[in-house]
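Visitor: One structure, as structure tokens, below. Some questions next.
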Amino acid sequence: MSTSAALHHEDLHSAHDAHHEHHHHETFISKYVFSQDHKMISKQFLITGIIWAIIGGLFSVLFRLQLGYPEATFPWLEDLLGHWAKGGKLNPEFYYALVTMHGTILVFFVLTAGLSGTFANFLIPLQIGARDMASPMLNMLSYWFFFLASIIMFSSLFVQTGPASGGWTIYPPLSALGDASSGSKIGMDLWLVSMAMFIVSSLLGGLNYISTILNLRTKGMSMTRMPLTVWALFFTAILGVLSFPVLLSGAILLLFDRNLGTSFFLSDIVIGGKILPNEGGSAILFQHLFWFLGHPEVYIILLPAMGMSSEILSVNSRKPIFGYMAMVGSMFAIAILAFLVWAHHMFVTGLNPFLGAFFVLLTLLIAVPSAIKVFNWLTTLWRGNIRFTPAMLFAIGFVSMFISGGLTGIFLGNSALDIHLHDTYFVIAHFHIVMGVASFFGMFAGVYHWFPKMYGRFLNNTMAYIHFWISIVGAYLIFWPMHYEGLAGMPRRYYDFSMWESFKQFGGLNEFISFVSMIVFAAQLLFVFNFFYSIFKGRKVTSTNPWGANTLEWTTPIRPGHGNWPGEIPEVHRGAYDYGKDGREFISQIEPVGENESHH
Amino acid sequence: MRTVAMEQRKKIHPHKFTLWVAIASILMMFAGLTSAYIVKRNQANWLSFELPIAFWYSTAAMIASSITMWQAQRKFKNREIPAYRSLITVTFILGLLFVALQVVGFTILAKNGLPMNKNVAVSFLYVIVGLHGAHVVGGIVALMVTFAKAFSKSVRNYNSVPVDVMATYWHFVDFLWIYLLIFLLAIR
Ligand code: HEM
Ligand SMILES: [Cu+2]
């Protein structure tokens, strides 16, 4: 069987030889639109992700406006949103729609598709020494399913009754009954259909990433010589491939409940004085299905950022990553544990406290591999020859955010504390810091670091430094105070806190947070400007290896064509982290091991 | 034209490997559904009922189609193209028969007073069996492509990878059905 496979390569679309490159008829459509080149697909994911990030970020500015200035009216809001902001004040229904869309867009469209889609596509073939993905065709489909999902989600913003508004976790019965709220109508159906497309997209992507990593590594690239980025993307893909189908099954059951009269999640409901016929369903069942994906999902978002930060910290400290195998092992442990802790999101659902105790234990166990990683990042930095490039700053920022947000996870992981903290701003602070901001920082680090490889130009450094400092200071100013609000019991997903005597004291703080969030949003626009400006006008890259890095992507031409290496794919002779060895600043993975070379 | 530049040194062809990962992923979806089924069954309001007889006939069709698929794959390897073509055709017809019998099964259920929204237990049956059926339909579509290829002139190219991938997927939906049937019989 393997011989017949080896004899017939017609189906390996990625099998390109440099000599045949010119014979391809590359039209505009096949090069930029329906491209099968992993590097172009990566850019498609990145740019779509950036557009979504602007939309999702803008939504948060809009609802922060409501939280920060609950009494004020903004006439321009009515111009922008029409009947959703009558008299210049956000309509409460639409407030929920904005919150829901913000969460959905940023969690799934930006930090899952935008992050994995971009960097798994870009880095996996380049860093393992492959000409393309195992199946470039599936890879292209993966992007176009994401595109379709994007179009559907975007169009849901314009339907009469508004987009989904039951929270990014779409709990029934709110999400199951069209009469429950205006966002539960067609907006919710569009959400579900869009997410089904999205899941197909991530599955097609994930399948490809896994088989590419396992099957297409170049000669000498054993698993233990792979850069940590590739390991991280590998675990990410495994998590996705095994957990997204479970969300899909939940979404399908929900679609049945909504449209075909079944009662998977519905029972004994009175709505608008009318008794519904549904009997025997359980809303909690949905939460189990959701969080079985939901918790792995947070690591799907985080692991790529961890991998890229590890790589960038090592390159710019000019030191080997500390504890390579421990880094791989701890990612493995995190990936396993990610499947065993979902019920920590459900401590207050009436979960059997005995069962809860197991979930507390397993949840707190995550602190162990997390701490190992933090220790290794810090020891990598320790006495390093640090170059504070923008990518490096964001990677350090990532570590900082991961520490701050991971610590509050330990509070929440204790069910006794969580009963008080659940659904308060403490949770908002926790997950924005550890997941939202940390992963964004990892993504920015990745963009600043690999932009020269993507576009053959550098991003502007001055703008990058401004972007970094405003973002890190701003992120802490926004999210740190939320811990105090949450400890005081301030609940999440409320439209107006000025109505409560006990939360009035936070009026000033909320205004401050909203104000800072606008500044931080503006800083992100600066990044977007820098990004598009530099694609065309950035300083040109003049050497193949501008950062002095060891990994294979820097052995390709400055602007690699389809197929990545013009000649043979280089053979690999060592791991990715020989920095500062035997007095040499860096030693590329393709350099054979010298006779007198030291072992460390 | 394309020449080989991608070194393929691993034992298993990447497309076959991709299929195995996809199978793991599909299994997770059914694991999600069947565990939800078990959880619900242990709660109030669960209705126990007999599976329609049509499901037994469909099972026979499914097993038969797996056998013909297996034979088709062998004939292909031995370059017995006419035999391969007729076996692929039979497999295709058996696949359609399977789907038709599943639909008949649901019609019988509904006639016997068990429509989809009668009870959660019935709803689950519809969703689980229906989703499995959707995967068979996907296989039938893929078979149609294989079928078209088998009858086109260019069948001179004896690349067995697509046939192997097709066969593996087909056996998978067969096993999945048998597993689901046993599950639905044992846990009611
Ligand atoms: C030591 C590590 C961690 C522990 C012990 C932990 C624990 C928890 C717990 C118990 C909750 C539920 C709180 C509640 O709803 O009452 C929670 C929420 C959350 N955590 Fe973590 N966490 C940890 C790390 C992380 C990481 C690394 C991420 C993401 C990369 C993350 C993302 C989230 C998200 C998104 C939510 C809230 C989801 C929602 O309700 O909308 N956590 N965490
Ligand atoms: Cu969690």
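Visitor: Restricting the first residue to the stretch A:425-441 and requiring it to be at pLDDT 95 or above and open to solvent by 10 Å² or more (accessible area, probe 1.4 Å), which pairs with a second residue that is away from ligand 2 (no atom under 14 Å from the Cβ) and aromatic (Phe, Trp, Tyr) meet a Cβ separation below 8 Å and a spacing of at least six or different chains?
Guide: A:Ile428/A:Phe479; A:His432/A:Phe479; A:Val434/A:Phe402; A:Val437/A:Phe479
Visitor: Among the residues of the stretch A:261-283, write down those that are facing another protein chain (nearest Cβ under 9 Å) and either among the charged types (D, E, K, R) or within 30 Å of the chain's Cα centre (by Cα) (or both).
Guide: Matches in the stretch A:261-283: A:Glu279 only.
Visitor: So A:Val298 passes all but one of these: (1) more than 10 Å from ligand 1 (Cβ to nearest atom); (2) under 20 Å from A:Ile336 (Cβ atoms); (3) touching a residue at least 60 places away in the same chain (Cβ under 8 Å). Which condition number does it fail?
Guide: (1)
Visitor: Could you grab me the full set of residues in the stretch A:396-405 that are open to solvent by less than 30 Å² (accessible area, probe 1.4 Å) and either at pLDDT below 95 or of a type outside the set (Gly, Ala, Ser) (or both)? Before the answer, list the steps.
Guide: As a first pass, look at the stretch A:396-405 and keep what is open to solvent by less than 30 Å² (accessible area, probe 1.4 Å): A:397-399, A:401-402, A:404-405.
A:Phe398, A:Val399, A:Met401, A:Phe402 - these are the residues of the stretch A:396-405 that are open to solvent by less than 30 Å² (accessible area, probe 1.4 Å) and either at pLDDT below 95 or of a type outside the set (Gly, Ala, Ser) (or both).
Visitor: Next question, about the same structure. If B:Ala60 satisfies every condition in (1) within 14 Å of chain A (Cβ to nearest Cβ); (2) free of Cβ contacts under 8 Å to residues at least 40 places away in the same chain but one, which is the exception?
Guide: Among (1) within 14 Å of chain A (Cβ to nearest Cβ); (2) free of Cβ contacts under 8 Å to residues at least 40 places away in the same chain, the lone unmet condition for B:Ala60 is (1).
Visitor: Report yes if some residue within the stretch A:212-224 is touching a residue at least 60 places away in the same chain (Cβ under 8 Å), facing chain B (nearest Cβ under 10 Å), of a type in the set (S, T, N, Q) and closer than 18 Å to A:Glu297 by Cα; otherwise report no.
Guide: no
Visitor: Which of (1) open to solvent by less than 20 Å² (accessible area, probe 1.4 Å); (2) of a type outside the set (Asp, Glu); (3) within 11 Å of ligand 1 (Cβ to nearest atom) does A:Asn414 not meet, given it meets every other one?
Guide: (1)
Visitor: Can A:Phe339 be described as farther than 21 Å from A:Asn376 by Cα, surrounded by fewer than 22 Cβ atoms within 10 Å (Cβ to Cβ) and within 16 Å of ligand 1 (Cβ to nearest atom)?
Guide: On the way: farther than 21 Å from A:Asn376 by Cα: yes; surrounded by fewer than 22 Cβ atoms within 10 Å (Cβ to Cβ): yes; within 16 Å of ligand 1 (Cβ to nearest atom): yes.
Yes: the conditions hold for A:Phe339.
Visitor: If B:Ala110 satisfies all but one of (1) closer than 28 Å to B:Trp46 by Cβ; (2) more than 14 Å from chain A (Cβ to nearest Cβ); (3) open to solvent by 40 Å² or more (accessible area, probe 1.4 Å), what's the number of the condition it fails?
Guide: (2)
Visitor: With the structure loaded, tell me whether A:Met221 is buried (at least 18 other Cβ atoms within 10 Å of the Cβ) and more than 28 Å from A:Ser309 (Cα to Cα) or whether it fails that test. Give the steps one after another, and end with the answer.
Guide: On the way: buried (at least 18 other Cβ atoms within 10 Å of the Cβ): yes; more than 28 Å from A:Ser309 (Cα to Cα): no.
Against the criterion (buried (at least 18 other Cβ atoms within 10 Å of the Cβ) and more than 28 Å from A:Ser309 (Cα to Cα)), A:Met221 does not qualify.
Here's the yes/no breakdown for (1) within 16 Å of ligand 2 (Cβ to nearest atom); (2) farther than 27 Å from A:Gly117 by Cβ; (3) touching a helix residue (DSSP H, G or I) at 6+ places or on another chain (Cβ under 9 Å):
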position: A:Pro163; (1), (2), (3): no, no, yes
position: A:Trp168; (1), (2), (3): yes, no, yes
position: A:Ser175; (1), (2), (3): no, no, yes
position: A:Ser184; (1), (2), (3): no, yes, yes
position: A:Leu190; (1), (2), (3): no, no, yes
position: A:Ser194; (1), (2), (3): no, no, yes
position: A:Leu203; (1), (2), (3): no, no, yes
position: A:Leu207; (1), (2), (3): no, no, yes
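Visitor: Tell me which residues, restricted to the stretch A:342-380, are assigned to a helix (DSSP H, G or I), open to solvent by 40 Å² or more (accessible area, probe 1.4 Å) and in contact (Cβ under 8 Å) with a residue 60 or more places away in the chain. If you could, list the steps in order and put the result at the bottom.
Guide: At the first step, the residues of the stretch A:342-380 found to be assigned to a helix (DSSP H, G or I) are A:342-345, A:353-365, A:367-380.
From what's left, open to solvent by 40 Å² or more (accessible area, probe 1.4 Å): A:342, A:345, A:353-355, A:357-358, A:361-362, A:364-365, A:368, A:371-372, A:375, A:378.
Correct list: A:Pro353 only.
Visitor: Could you grab me the full set of residues in the stretch A:369-380 that are more than 16 Å from ligand 2 (Cβ to nearest atom) and not polar (S, T, N, Q)?
Guide: First, pick out the residues of the stretch A:369-380 that are more than 16 Å from ligand 2 (Cβ to nearest atom): A:371-380.
Across the stretch A:369-380, the qualifying residues are A:Ala371, A:Ile372, A:Lys373, A:Val374, A:Phe375, A:Trp377, A:Leu378.
Visitor: Could you check, for the stretch A:113-121, whether at least one of its residues is of a type in the set (Ser, Thr, Tyr), more than 16 Å from ligand 2 (Cβ to nearest atom), at pLDDT below 95 and touching a helix residue (DSSP H, G or I) at 6+ places or on another chain (Cβ under 7 Å)?
Guide: Step one: filter the stretch A:113-121 for residues of a type in the set (Ser, Thr, Tyr), giving A:116, A:118.
Okay, now just the ones that are also more than 16 Å from ligand 2 (Cβ to nearest atom), so A:116, A:118.
In the following step, the residues that additionally are at pLDDT below 95 were identified as none.
The answer is no; no qualifying residue exists.
Visitor: Another one. All but one of (1) more than 16 Å from ligand 2 (Cβ to nearest atom); (2) more than 20 Å from A:Ile403 (Cβ to Cβ); (3) aliphatic (A, V, I, L, M) hold for A:Leu361, so report the exception by its number.
Guide: Every condition holds for A:Leu361 apart from (1).
Visitor: Any residue that is surrounded by fewer than 24 Cβ atoms within 10 Å (Cβ to Cβ), within 15 Å of ligand 1 (Cβ to nearest atom) and more than 14 Å from chain B (Cβ to nearest Cβ) - is there at least one of those in the stretch A:316-330?
Guide: Yes, some residue in the stretch A:316-330 is surrounded by fewer than 24 Cβ atoms within 10 Å (Cβ to Cβ), within 15 Å of ligand 1 (Cβ to nearest atom) and more than 14 Å from chain B (Cβ to nearest Cβ).
Visitor: Moving on to the next point. Could you say which residue among A:Met223, A:Met195, A:Met188 is under 17 Å from A:Phe108 (Cβ atoms), in contact with a Phe, Trp or Tyr (Cβ under 9 Å, 6 or more places away or on another chain) and among the hydrophobic types (A, V, I, L, M, F, W, C)?
Guide: Values: A:Met223 fails: under 17 Å from A:Phe108 (Cβ atoms); A:Met188 fails: in contact with a Phe, Trp or Tyr (Cβ under 9 Å, 6 or more places away or on another chain).
From the options A:Met223, A:Met195, A:Met188, the qualifying one is A:Met195.
Visitor: Something else about it: Could you list, in sequence order, the residues of the stretch B:71-83 that are touching a residue at least 60 places away in the same chain (Cβ under 8 Å) and buried (at least 16 other Cβ atoms within 10 Å of the Cβ)?
Guide: From the stretch B:71-83, those touching a residue at least 60 places away in the same chain (Cβ under 8 Å) are B:72-73, B:76-77, B:79, B:81; that's our starting set.
Within the stretch B:71-83, B:Ala72, B:Gln73, B:Phe76 qualify.
Visitor: Among the residues of the stretch B:40-56, write down those that are open to solvent by 30 Å² or more (accessible area, probe 1.4 Å) and at pLDDT 90 or above.
Guide: Those that are open to solvent by 30 Å² or more (accessible area, probe 1.4 Å) and at pLDDT 90 or above: B:Ile53, B:Trp56.
Visitor: Which of the residues spanning the stretch B:90-111 are of a type in the set (S, T, N, Q) and free of Cβ contacts under 8 Å to residues at least 24 places away in the same chain? I'd like the intermediate steps shown before the answer.
Guide: From the stretch B:90-111, those of a type in the set (S, T, N, Q) are B:91, B:102, B:107; that's our starting set.
The one that is of a type in the set (S, T, N, Q) and free of Cβ contacts under 8 Å to residues at least 24 places away in the same chain: B:Thr107.
Visitor: Within the group A:Trp500, A:Trp450, A:Trp480, which residue is more than 14 Å from ligand 1 (Cβ to nearest atom), surrounded by fewer than 19 Cβ atoms within 10 Å (Cβ to Cβ) and either touching a residue at least 12 places away in the same chain (Cβ under 8 Å) or of a type in the set (Gly, Ala, Ser) (or both)? Walk me through it before giving the result.
Guide: Values: A:Trp500 fails: either touching a residue at least 12 places away in the same chain (Cβ under 8 Å) or of a type in the set (Gly, Ala, Ser) (or both); A:Trp450 fails: surrounded by fewer than 19 Cβ atoms within 10 Å (Cβ to Cβ).
Step by step, each of A:Trp500, A:Trp450, A:Trp480 is checked, and only A:Trp480 is more than 14 Å from ligand 1 (Cβ to nearest atom), surrounded by fewer than 19 Cβ atoms within 10 Å (Cβ to Cβ) and either touching a residue at least 12 places away in the same chain (Cβ under 8 Å) or of a type in the set (Gly, Ala, Ser) (or both).
Visitor: Can you tell me which residue within the stretch A:269-327, out of those that are more than 29 Å from A:Lys373 (Cα to Cα) and charged (D, E, K, R), is nearest to ligand 2 (Cβ to nearest atom)?
Guide: Looking at the filtered set, the residue picked out is A:Glu279.
Visitor: Mind checking which residues of the stretch A:519-554 are assigned to a helix (DSSP H, G or I), among the aromatic types (Phe, Trp, Tyr) and under 30 Å from A:Met221 (Cβ atoms)?
Guide: Here is the first cut: in the stretch A:519-554, the residues assigned to a helix (DSSP H, G or I) are A:519-537, A:552-554.
Checking which are among the aromatic types (Phe, Trp, Tyr) leaves us with A:521, A:527, A:529, A:531-533, A:536, A:554.
The one that is assigned to a helix (DSSP H, G or I), among the aromatic types (Phe, Trp, Tyr) and under 30 Å from A:Met221 (Cβ atoms): A:Trp554.
Visitor: Would the stretch A:483-504 turn up any residue that is among the polar types (S, T, N, Q), more than 30 Å from A:Thr363 (Cα to Cα) and more than 16 Å from ligand 2 (Cβ to nearest atom)? Walk me through how you get there before you give the answer.
Guide: If we filter the stretch A:483-504 for residues that are among the polar types (S, T, N, Q), which is where we start, we get A:498, A:502.
Retained after the next criterion (residues that are more than 30 Å from A:Thr363 (Cα to Cα)): A:498, A:502.
Then drop every residue that is not more than 16 Å from ligand 2 (Cβ to nearest atom), which leaves A:498, A:502.
Yes, the stretch A:483-504 contains at least one residue that is among the polar types (S, T, N, Q), more than 30 Å from A:Thr363 (Cα to Cα) and more than 16 Å from ligand 2 (Cβ to nearest atom).
Visitor: Tell me the residue from A:Glu568, A:Glu553 that is acidic (Asp, Glu) and open to solvent by less than 60 Å² (accessible area, probe 1.4 Å), please. Step through it out loud before you land on a result.
Guide: Numbers: A:Glu568 fails: open to solvent by less than 60 Å² (accessible area, probe 1.4 Å).
So the residue among A:Glu568, A:Glu553 that is acidic (Asp, Glu) and open to solvent by less than 60 Å² (accessible area, probe 1.4 Å) is A:Glu553.
Visitor: Answer yes if at least one residue in the stretch B:126-138 is part of a helix (DSSP H, G or I), touching a helix residue (DSSP H, G or I) at 6+ places or on another chain (Cβ under 9 Å), open to solvent by less than 30 Å² (accessible area, probe 1.4 Å) and more than 14 Å from chain A (Cβ to nearest Cβ), and no otherwise.
Guide: Checked the stretch B:126-138: at least one residue is part of a helix (DSSP H, G or I), touching a helix residue (DSSP H, G or I) at 6+ places or on another chain (Cβ under 9 Å), open to solvent by less than 30 Å² (accessible area, probe 1.4 Å) and more than 14 Å from chain A (Cβ to nearest Cβ).
The values are calculated or read from the model by the stated rules, or taken from the named source; none is laboratory data. The model shown is predicted, which means the values in this text are computed figures rather than measured ones. So basically every Cβ, Gly included, is an ideal-geometry build from the backbone, and we count neighbours across all protein chains shown. Areas reflect the complete protein model, heavy atoms only, side chains present, ligands, DNA and RNA absent. Shrake-Rupley method; radii C 1.70, N 1.55, O 1.52, S 1.80 Å.
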